[in-house]
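Just so it is clear, none of the values below were taken in a lab; they were calculated from the coordinates. Here the structure is a predicted model, which means the values were calculated and not measured. A quick note on method: Cβ atoms are made from the backbone with ideal geometry, for glycine too, and the neighbour counts reach across all protein chains shown.
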Amino acid sequence: MAELNISERQAGDITILDMDGKVTIGEGSVALRTTIRRLLGEGKKKILLNLGRVGYVDSSGIGELVSSFTAVNKEDGSLKLLNLTQKIQDLLAITKLLTVFDVYENEGEALSSFK
Amino acid sequence: MSEKRRELKLTSRLESVEQAAAEAERFAESNDFGEDVKSAVDMAVREAVANAVKHGNKLDETKRVEITFENRGEAFEITVRDFGAGFAVEEVPDPTNPENLLKASGRGILFMRSFMDEVEWSNHAEGGMIVKMLKKRESNLDF
């Protein structure tokens, strides 16, 4: 089984990526990078990452989240985070990235925030 | 009786990160370390081995990463040695400085320091860098 499975849903012009697994050095980080690049190539610039089923992220995975965020911003898009586990919240707090990312616990609220 | 010390010599490839973490978990379980120690050690081992493989040995598979796990009674001690050129840890930019927040890398050392009780880098007498980390059984840290 792949380290990270990413399923894609569309809510209007917002793409929701339901992520399941680990975002770590190697395969998991590459899977996220490839998906974000493809979406940007398709002109999909409003992206919501659902991390509710991501059990593990290392510093490389946090770096990939940051890279995704900056890549989407560069295209005048917007990338937001949904359903952070306690562990990921702790990592974003340690790295002071909670001040950078727009984080939501409720999908409806997250989707409304893009408008 | 459980073994009190374990040594690993791994190849400089990314798969070794997972292997080292799995070995650390087995060692922690056989030495009755609790969940808080296991979780911190898992994160710290992954970061230290990833650093050794990627930045120390620069993915050169002819160079090995040497790892030790030791049950020090009240603490889990880890050492990770690479065979690279070394670096000055105090010169690594602070990833929490506003100008570094959006950088894609450079957070591994911060994670190791955050999860472990003691972390110390030194140059090995025979070359390469060695990082020694300690996690106490009873810790006031949240991670």
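Cβ crowding within 10 Å ranks B:Phe27, B:Phe83 as B:Phe83, B:Phe27, fewest other Cβ atoms first. Of the GluC sites (Glu not before Pro) found in region A:16-68, those that fall in a DSSP loop while having at most 13 other beta-carbon atoms within 10 Å are A:Glu42.
Pairs spanning more than 29 Å between alpha-carbon atoms, out of B:Lys54/B:Lys135; A:Lys46/A:Lys87; B:Lys58/B:Lys135; A:Lys96/B:Lys4; A:Lys96/B:Lys136; A:Lys80/B:Lys103: A:Lys96/B:Lys4. Each of B:Leu110, A:Leu91, B:Leu102 was scored by other Cβ atoms within 10 Å of its Cβ. Listed from fewest to most, they are B:Leu102, B:Leu110, A:Leu91. Each part gets one Cα centre, and for region A:34-68 versus region B:14-34 those centres are 28 Å apart.
Projected over all directions and averaged, the alpha-carbon convex hull of region A:4-113 occupies 6.0 nm².
Quick test of the membrane-span-like rule: which DSSP H helices of chain B reach at least 15 Å along their long axis (C-alpha atoms) with mean Kyte hydropathy at least -0.5?
Span-like helices in chain B: B:35-51.
By the count of other C-beta atoms within 10 Å, a proxy for reagent exposure, A:Lys115, B:Lys136, B:Lys58 are ordered fewest to most as A:Lys115, B:Lys58, B:Lys136. From helices alone, chain A scores -12500 deg cm²/dmol at 222 nm; the rule is -39500 (n - 2.57) for each run of n ≥ 4 DSSP H residues, then divide by the residue total. Over chain B, DSSP H runs of length four or greater, each weighted -39,500 (n - 2.57), average out per residue to a 222 nm ellipticity of -9000 deg cm²/dmol. Of B:Phe27, B:Ala52, B:Pro93, whose Cα points farthest to the positive end of the dipole of chain B (charges on the beta-carbon: +1 Lys, Arg; -1 Asp, Glu; origin at the Cα centre)? Checking the options against the dipole of chain B, the answer is B:Ala52. According to the square roots a ≥ b ≥ c of the eigenvalues of the Cα gyration tensor, what is the shape class of the protein assembly as shown, taking rounded for a/c under 1.5, prolate for a/b larger than b/c otherwise, and oblate for the remainder? The shape class here is prolate. Stokes-Einstein diffusion for chain B, with the hydrodynamic radius set to the Kirkwood value over Cα pairs and evaluated at 4 °C in a medium of 1.567 mPa s, equals 84 µm²/s.
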